[in-house]
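The values are calculated or read from the model by the stated rules, or taken from the named source; none is laboratory data. Just so you know, these numbers come straight off a predicted model, no measurement behind them. Heads up, the Cβs are rebuilt from the backbone with ideal geometry, glycines too, and the neighbour counts pull from every protein chain shown. Just so you know, the surface numbers come from the protein's heavy atoms only, side chains and all, with ligands and any DNA or RNA stripped out. Shrake-Rupley method; radii C 1.70, N 1.55, O 1.52, S 1.80 Å.
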Amino acid sequence: MRLILLGPPGAGKGTQAQRLTEKLGIPQVSTGDMLRAAVAAGTALGREAKAYMDQGALVPDGVVIGIIRERLAAPDCRRGYILDGFPRTAAQAEALGKTVEDLGTPLTAVLSLTVDPDEVVRRLSGRRTCGTCGAAYHVENAPPRRAGVCDRCGGALVQREDDREETIRKRLSVYRDQTAPLVAYYRGGGLLREVDGRGEIDDIFTRICRLLGAEGRGRH
Ligand code: AMP
């Protein structure tokens, strides 16, 4: 399956992508994770991306499109992948369309996770991520067994630089202006499946699996 998870920051894309990866055995491809890794490694790409990310702005299209092209051509993506955080602009969606066409591997579905903006702010300000393995937690909704420590690998949990309230507001307005139009774009192409992103993580995952089960019967 080749899936896109679409939705505002804090909609649960990363959390649900992680679950889907475990269930389907295909990789999660997160441009945000790849960019954070480049920042942490201090590469030229990381240095360029950091200034945009710290402000809650988008990294230029050319940069992320290049990263994704290379990633989707890797051997572990042959059986499928879950795109999380890409595409985020019309230009990225068009470049992705061209890439999957060149590879002869059409997208299976675009899952659009819907949540309201106040809930997004609440989720993101309580979000904590493992600095080592990237696992996601929430101080109230999904706390780790031991405060500040990852259940999976024992790494230290950190708050992302861009999960501060002011930057969250900016990221939401960027989403509204640049990414939300992709919902209509993919609806027009017949690929869009809307998923209610409110409530418990397990319930949202069940909704997604149900949708994909129906999807699987029809197409694979
Ligand atoms: P995320 O982890 O998906 O919330 O992404 C964190 C930040 O990385 C975003 O606020 C952007 O600065 C940058 N970023 C991630 N994915 C993209 C993308 N597809 N296009 C442009 N910038 C991106």
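A few remarks follow.
- Residue 98-residue 33 pseudo-label distance in nm [points 7 Å out on the Cα-to-Cβ vector]: 2.7
- The range 21-158 - accessible surface per residue (Å², probe 1.4 Å): 50
- Residue 6 long-range amide H proximity, modeled H, under 5 Å: 111, 112, 113
- Where labels lie 7 Å past Cα in the beta-carbon direction, separation of residue 70 and residue 125 in nm: 3.8
- Cα centroid of the range 137-206 to Cα centroid of the range 54-74, whole Å: 19
- For the peptides 158-168, 69-79, the ranking by mean Cβ contacts within 10 Å, running from highest to lowest, is 158-168, 69-79.
- Share of carbon and sulfur in the accessible heavy-atom surface of the chain [1.4 Å probe, %]: 51
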